[in-house]
Amino acid sequence: MEKMKFLFGPVPSRRLGRSLGISPIPKKTCNYSCIYCQLGRTNKMTNIRQEFFKIENILNEFKIYLKDSDKFDIITIVGEGEPTLYSQLGNLILELKKLTDKPIAVITNGALFSDENVFKELLNADFVLPSLDAYNEELSKKIDRPHGSISFEKEINGLINFSNTYKGNLWIEIMLIDGFNSDKNSISNFKKLLRKIKYDRLYLNTPVRPPAENFVKTVSKSVMEYASKELGGISIDMLSSGFFFSEIKDSIEAILSIIRRHPMNQFELESFLQSRKIKDISKFIEKIEENNKVNVINYKGIKTYRLK
Ligand code: SF4
């Protein structure tokens, strides 16, 4: 299969199974610049929705993919930034639905639920997975560092309204960061806020991949357990992610295509290479490390591979 520009994976998702990713957003284009972002710091900060890429080009790529494979459980629209900034998102969901029966998920930072169009467009997705990292404006500014035109209050009211209308699966994710939003008072504030939202599942996460800022710290297991119990959430840590998979024949190209949107740690890379029956895995990994497109980050003693 040819190298794809918009599609990636399927990648194993701890929540969604084999997820075929579609990214309609240029790299690091977002209305947030989260301190924990695994893509690094946002370098194209915008809150203006645009047709960054022609919708026909994305759909054509998907049609080509479908000719060769249907080895995925779900389509996930997820950007190398924030997918709701794609002005054709609503049409993209509707057009994809004409081409496949597989469910469609949108992973979003939730900043634009207050936008009338985004609100309507997301109603057609089967799964919407917004993140909720803060319970007030001050904390949002510290963790998410949103675009200046975004108001926390508007954003939360948008999410609450959306949750009252949406008929699909609304799965919220809270990223717990030590020293920011994980103490008992914060958990109690999240609890109060969550009572106002009609959601189906709550996932709790902590930054396990190299974050944009090196002062970001993961929470301990006991904090995660406390939060899970108090909030009735599922810890993503406890879910296994399974194996990566790519239709691209050339293994180096396959890895570059995966880590462009989804960094892999050394264990994930090794299992991926084993699944491809690569004979000398250490030598192959050396080759990856020497590739000038790859950034090798040593985080908590574990190597993570990300595209530069
Ligand atoms: S984590 Fe998501 S919302 Fe936050 S900066 Fe990165 S891409 Fe944007």
Selection within region 179-206 - open to solvent by 70 Å² or more (accessible area, probe 1.4 Å) and assigned to a loop (DSSP other than H, G, I, E, B): G179, D183, R195, K196, K198, D200
Hits in region 138-161 - residues which are within 15 Å of the ligand (Cβ to nearest atom), outside any loop (DSSP other than H, G, I, E, B) and closer than 24 Å to E121 by Cα: F152, E155, L159
Region 6-27: number of residues that are more than 9 Å from the ligand (Cβ to nearest atom), assigned to a loop (DSSP other than H, G, I, E, B) and in contact with a Phe, Trp or Tyr (Cβ under 8 Å, 6 or more places away or on another chain): 6
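Kindly indicate the residue of region 132-145 that is open to solvent by 30 Å² or more (accessible area, probe 1.4 Å) and in contact (Cβ under 8 Å) with a residue 60 or more places away in the chain and also nearest to V219 (Cα to Cα) among those meeting that condition. Steps first, please.
Taking region 132-145 and keeping what is open to solvent by 30 Å² or more (accessible area, probe 1.4 Å), we get 135-138, 141-142, 145.
Going one step further and asking which of them are in contact (Cβ under 8 Å) with a residue 60 or more places away in the chain, we end up with 142, 145.
Numbers: K142: 17, R145: 20 Å.
That would be K142.
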Pick from region 28-51, criterion free of Cβ contacts under 8 Å to residues at least 60 places away in the same chain and either on the phi > 0 side of the Ramachandran plot or more than 9 Å from the ligand (Cβ to nearest atom) (or both), ranking: surrounded by the most Cβ atoms within 10 Å (Cβ to Cβ): K28
Single residue of I236, I248 found to be under 18 Å from M175 (Cα atoms) and β-branched (V, I, T): I236
Pairs, first without any contact (Cβ under 8 Å) to a residue 40 or more places away in the chain in region 80-91, second within 15 Å of the ligand (Cβ to nearest atom) and part of a helix (DSSP H, G or I), C-beta under 8 Å, six or more apart: T84/V118
Near pairs, Cβ below 9 angstrom, 6+ apart or cross-chain, from region 244-260 (at positive phi) to any residue that is open to solvent by 20 Å² or more (accessible area, probe 1.4 Å): none
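The values are calculated or read from the model by the stated rules, or taken from the named source; none is laboratory data. The model shown is predicted, which means the values in this text are computed figures rather than measured ones. Quick reminder, even Gly has a Cβ in these numbers, built from the backbone with ideal geometry, and neighbours come from all protein chains shown. We work out accessible area using only protein heavy atoms, side chains counted, and drop any ligands, DNA or RNA first. Shrake-Rupley method; radii C 1.70, N 1.55, O 1.52, S 1.80 Å.
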